[in-house]
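*Asks:* Structure below; questions to follow.
The values are calculated or read from the model by the stated rules, or taken from the named source; none is laboratory data. Since we're looking at a predicted model, the values are computed, not measured. For neighbour counting, all protein chains shown are included, and Cβ atoms are generated from backbone atoms with ideal geometry for every residue, glycine included. Note: accessible area is taken over every heavy atom of the protein model, side chains too, but ligands, DNA and RNA are not part of it. Shrake-Rupley method; radii C 1.70, N 1.55, O 1.52, S 1.80 Å.
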Amino acid sequence: MTGRRGTPDSSPTSSARPSRTARHAGALAACAALIAGCGTTPGTDGGSDDGTVRVMTWAPENTGATNKPGMPATARAYAKWINRHGGIGGRRLTVLTCNDHNDSVGAAKCARRAAAEHVVAVVGSYSQFGDSFLAPLESAGIPYIGGYGVTADEFTGPYSYPVNGGQPALLAGLGRALAEECGAVALVRPDSIAGDELPALLDSGLTASGHPAAVDQLAAEDATEYGGQAERALRSATAGTTGEGCVVPALGDRTDTFMDSFRRVRAEHAPVRTATVLGSVDQTEIDATGGASGPYEGAYITGWYPVASDPRWKPMKQMIGEEAFGDNRIDPADAGVQTTWIAYTVLRAVLERIGEGEVSADTVRHTLDGGLRVSTGGLTPTLHWPDETRLASVGFPRLVNADVTLQVVRDGRLVAVRPDGTGSAAAGGDMTRTLESADVG
């Protein structure tokens, strides 16, 4: 969960969110603009009037911070795969892609291009600038299906249809697990607008089990080394006298950079355990940092979905094998790739419900709002989006799936933690009740 703070030399990003009225006024006044880095799946032009359905997927690529190239790549592979197998209800799928460059202006341009291209939905996407892209989508009536959950905005906008619990669920679940295992906990997170949301979410899980709040430590999200931050985190985590301390880096793509610095200085301190959330680390990163002998051995990692080896991912892996074999951007263990697959599963269910009727942004949205329930083959609970959820009282009225899975690095492999009778947090579960007590003001 990342997001740069605005500086005089960066794209304008205000920590004070504009009102919904101001957001919509700005969106209505904005003209449609194209952005370099956008594309479509070859050979699939046209709109729903000629038997195609046009959607968009966006994510940052080739930036100095978090990148998610696997998400648009998965979307393009999905379109090829579904079209090769007859489309959806006889309709072919067109996927446009856009690179938001981890920039608020770029995110808004992607959203305005979606409106200009008359897409029926934005599906399976990642952007940290919800304030910039949601208003243009809402003013054009375009639903946002299955965003990555990187900011709280995705869990408040009425046109947002999340498929996971985002960072709120992951951090609450991690806090629940660490409360049972750790002494002092140090959280290392981005010095950013989105990063400001992380401490309260982790603390909701910690304090629900009677554990003190974590030490909140800020770090630049695009640093090239984190020696000083690693030293401070280790001092904080080893300051307590009750149990082994834990260090929790939540720096997105920069987590590996932090762990490289952490490895070099940890021997000078008492032993600590590490923990993080999926998206900040995956099996590839665990392998690259030494596997069983690396810094992640024994680490708890919370995710939204079953581990990549679970047989419920077989259809996704079949799609990747048929349409993207050898594409190293698409890792079936990547949470972004998995989220994109689930988001397109939702889109498919919507189009199948519409049947031979008109497909437009309005009909897609009304179908989602009309009580549609989507099975994802056990990868998530059955998904549906009521007007208001139990988490509306803490600012997440669109959060419909607060389930998390708890995984652990054992012998260098990321494996599921099984229930062992020591408490519900031992295997993850539904974090709705925990989040209801979160102080996310």
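*Asks:* Which residue, chosen from P190, N62, S360, occupies the Cα position most advanced towards the positive end of the dipole of the chain, where the dipole is computed from +1 (Lys, Arg) and -1 (Asp, Glu) charges on Cβ about the Cα centre?
*Replies:* S360
*Asks:* Just how large is the dipole of the chain about the Cα centre, in debye to the nearest 20, putting +1 at every Lys and Arg Cβ and -1 at every Asp and Glu Cβ?
*Replies:* The dipole magnitude comes to about 480 debye.
*Asks:* If R₀ is 45 angstrom, what is the calculated FRET efficiency for the pair R413 and E268, using the beta carbon separation as r and rounding to 0.05?
*Replies:* 0.95
*Asks:* Something else now. Taking only protein heavy atoms and a 1.4 Å probe, what accessible area per residue, in Å², does the stretch 58-98 have with all protein chains in place?
*Replies:* 30 Å²
*Asks:* Related question: Two decimals is fine: what's Rg over Rh for the chain, C-alpha atoms, Kirkwood radius as Rh?
*Replies:* Taking Rg over the Kirkwood Rh, I get 0.96.
*Asks:* How high is the relative contact order of the chain? Use alpha-carbon pairs under 8 Å, at least six apart in sequence, and give a whole percent.
*Replies:* 18 percent
*Asks:* Taking every alpha carbon pair in the stretch 134-258, what does the distance histogram look like in 10 angstrom bins from 0, in percent?
*Replies:* Reading the bins upward from 0: 13, 37, 31, 14, 4, 0.
*Asks:* R0 = 22 Å: FRET efficiency of E358 with A116, Cβ-based, nearest 0.05?
*Replies:* In this case the efficiency is close to 0.60.
*Asks:* Could you give the length gained on full extension between D369 and E322, defined as 0.36 nm per residue of separation minus the Cα-Cα distance, in nm?
*Replies:* 13.6 nm
*Asks:* Turning to a different aspect of this structure: Please compute the per residue accessible area over the stretch 290-386 with all protein chains in place, 1.4 Å probe, rounded to a whole number of Å².
*Replies:* 41 Å²
*Asks:* What's the whole-number percent of alpha carbon pairs in the stretch 288-414 lying beyond 22 angstrom?
*Replies:* Counting pairs separated by more than 22 Å, the tail of P(r) holds 51 percent.
*Asks:* May I pose another question? Enumerate the amide H contacts of T97 below 5 Å, restricted to partners 5 or more residues apart or on another chain; note that Pro and chain-start residues carry no placed amide H.
*Replies:* Hits under the 5 Å cutoff: G39, T40, T57.
*Asks:* What three numbers, in Å, describe the spread of the alpha carbons of the stretch 313-360 along their principal axes, ordered from the longest?
*Replies:* So the extents along the principal axes, rounded to whole Å, are 38, 20, 19.
*Asks:* First compute the accessible area of the chain with a 1.4 Å probe, then give the percent of it belonging to carbon and sulfur atoms.
*Replies:* Its accessible area is 49 percent carbon and sulfur atoms.
*Asks:* Just name one of L399, T345, A416: the one whose Cα is farthest towards the positive end of the charge dipole of the stretch 330-424 (beta-carbon charges, Lys/Arg +1, Asp/Glu -1).
*Replies:* About the Cα centre, the residue reaching furthest to the positive side is A416.
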